[in-house]
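Step one of this worksheet: look at the structure below.
Values in this text are rule-based calculations from the coordinates and carry no lab data. Since the structure is predicted, the reported quantities are computational estimates derived from the model, not experimental observations. For neighbour counting, all protein chains shown are included, and Cβ atoms are generated from backbone atoms with ideal geometry for every residue, glycine included.
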Amino acid sequence: MSRFAQSRPEVRGLGMTSQRARDRLIERLHSEGIQDRRVLDTLRQLPRHLFIDEALASRAYEDTALPIGQGQTISQPYVVARMTEVLIEHALPRRVLEVGTGSGYQCAVLASMVEQVYTVERIDELLRNARRRFRKLGLGNIRSRHDDGRLGWPDEAPFDAIMVTAAGADLENTLLDQLAPGGVLVAPVGPPGRQALLRVRATEQGWQRETLAAVSFVPLLGGIA
Ligand code: SAH
């Protein structure tokens, strides 16, 4: 049974946000190629409707990105599922850094699966909203910080895995340097319209880089707001 199934009606959802709506989304993600049961089960349990504005809640279990304010978006469920799958494919990481908290949904997915998540967001208002959601859902294994995530989180490095959820012009060496040996980084890279999802593994021979898929993310920006 879902971890949240017995909770308040608001968390449980009803109608367009019900468990049935979530189940249908999971079937769709599975039919589109998401294989990892841990990922599918996590998305089945997590109430995505709590990560978006109430006015859009009825669309929470459509497989689509949605606006979250400040010109930013909550990623499409397929993309969240795929990025999580490729991040944990070889080994389940213990400590994960996420760059670009946004709504907090991807972070909550990770926090449901690993021991500790660190997340950095450059827009203060989005971070405050995300923190409220983490508290509401009782996700106690997330540390978050208002900063330019391109710098990573040096005091807590190294990380077993790093996920970047906004697209930079190139891979950030500062982030790669914060990977533990054997660690994995997943990040969209490239200009709008020509972005690719990359996975980099820190091996004894150096960084091994793979291109996984064409994607479309909001830009990774400098500074804080
Ligand atoms: N993971 C988010 C996706 C949000 S979109 C979710 O599940 O909802 C990407 C986010 O990255 C936006 O909130 C944007 O403000 C943030 N971002 C962009 N550049 C950043 C940077 N340099 N440091 C931290 N966050 C950044």
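What to note about this one:
- Karplus-derived 3J(HN,Hα), 6.51/-1.76/1.60, for each residue of the range 211-220, Hz, glycine and proline x: 9, 9, 6, 7, 9, 9, 10, 5, x, 7
- Under the convention that each Lys and Arg Cβ holds +1 and each Asp and Glu Cβ holds -1, the size of the dipole of the chain around its Cα centre is about 800 debye.
- Beta bridge orientation in the range 65-215: antiparallel %, DSSP, nearest 5: 50
- Among 103, 7, a tally of other beta-carbon atoms within 10 Å of each Cβ gives an order, fewest to most, of 7, 103.
- The chain: Rg to Rh, with Rh as the Kirkwood radius over Cα pairs: 0.94
- Distances between placed amide hydrogens fall under 5 Å for residue 66 paired with 74, all partners being 5 or more residues away or on another chain.
- Along the range 173-190 the Karplus relation, 6.51 cos²θ - 1.76 cosθ + 1.60 evaluated at θ = phi - 60°, assigns HN-Hα couplings of 4, 4, 6, 4, 5, 9, 7, 6, x, x, x, 10, 10, 10, 7, x, 9, x Hz to successive residues, with x for each Gly and Pro.
- Kyte-Doolittle mean at least 1.0, axial Cα span of 24 Å or more - DSSP H helices of the chain: none
- Sorted by Cβ neighbour density within 10 Å, fewest at the top, the residues 36, 170, 177: 170, 177, 36
- Relative contact order for the chain: 14 percent, from Cα pairs under 8 Å spaced at least 6 residues apart, divided by residue count.
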